[in-house]
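The structure appears right after this line, and notes come after that.
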Amino acid sequence: MLLQIQNEKKSRILTDVKHILVVEDDRNICEILEILLSDEGFQVTCKTTGQETIETLSKERFDLITLDMRLPDMSGNDLLHYFEERIPSTPVIVISANTNLYQTHSQVKAIISKPFDLEEVLNAIVNF
């Protein structure tokens with residue numbers, strides 16, 4: 001029964017492939033998320049700075065963004081304000097060690113604390 005549920009879940013993901021932007025300055029975490037999400041049938045683009053994120057968003061459209069709040073060149077809060085102005089319908093999942101300040105943003109659909117469980121991230125994405 002559990003295998004059937006897992007297969008149905010995976011089938012649902014694969015039939016409705018989403019393009020996800022992962023914004024994370026730690027390249028190891030970015031790579032782990034890219035592998036995990038790609039294995040689940042998602043198209044994944046990783047960016048490690050706020051500026052790269054803004055440049056990418058000017059050229060591509062995404063169904064979901066995962067966002068680390070501490071980036072080397074700007075705060076995640078600044079990016080959240082940018083998202084609200086430019087892409088207000090795109091949901092955001094915050095993945096950060098500091099998660100207590102971001103629930104007031106309407107685009108934030110989930111907040112996941114670091115260190116995180118990979119299954120928790122996948123569940124948040126599948127259920128947004």
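Looking at (1) more than 23 Å from Phe128 (Cα to Cα); (2) at pLDDT below 95; (3) small (Gly, Ala, Ser), which is the only condition Ser58 fails?
Single failed check for Ser58: (2).
Considering each of Ile93, Ile29, Ile35, Ile112 in turn, give the residue that is among the β-branched types (Val, Ile, Thr) and in contact with a Phe, Trp or Tyr (Cβ under 8 Å, 6 or more places away or on another chain).
One residue alone meets the criteria, Ile93.
Go through region 17-33 and give me each residue that's outside any strand (DSSP E or B) and of a type in the set (A, V, I, L, M).
Of everything in region 17-33, those that are outside any strand (DSSP E or B) and of a type in the set (A, V, I, L, M) turn out to be Val17, Ile29, Ile32, Leu33.
Is it true that Met69 is over 14 Å from the mean Cα position of the chain (by Cα) and within 20 Å of Asp25 (Cβ to Cβ)?
Here the answer is no, as Met69 does not meet what is asked.
Would you point out which residue out of Leu36, Leu3 is part of a helix (DSSP H, G or I), touching a helix residue (DSSP H, G or I) at 6+ places or on another chain (Cβ under 6 Å) and either at pLDDT 95 or above or within 20 Å of Asn127 (Cα to Cα) (or both)?
The conditions single out Leu36.
Could you say which residue among Phe62, Phe116 is more than 12 Å from the chain's Cα centre (by Cα) and either aromatic (Phe, Trp, Tyr) or surrounded by fewer than 18 Cβ atoms within 10 Å (Cβ to Cβ) (or both)?
Phe116
So is Ile13 modelled with pLDDT under 95 and surrounded by 16 or more Cβ atoms within 10 Å (Cβ to Cβ) or not?
yes
Being surrounded by 15 or more Cβ atoms within 10 Å (Cβ to Cβ), modelled with pLDDT of 95 or more and either over 16 Å from Thr45 (Cα atoms) or of a type in the set (Val, Ile, Thr) (or both) narrows it down to one of Tyr102, Tyr82, so name that one.
Tyr82
The values are calculated or read from the model by the stated rules, or taken from the named source; none is laboratory data. Predicted model, so just to flag it, every value in this text is computed and none were measured. Glycine also receives a Cβ, built like all others from the backbone with ideal geometry; neighbour counts cover every protein chain displayed.
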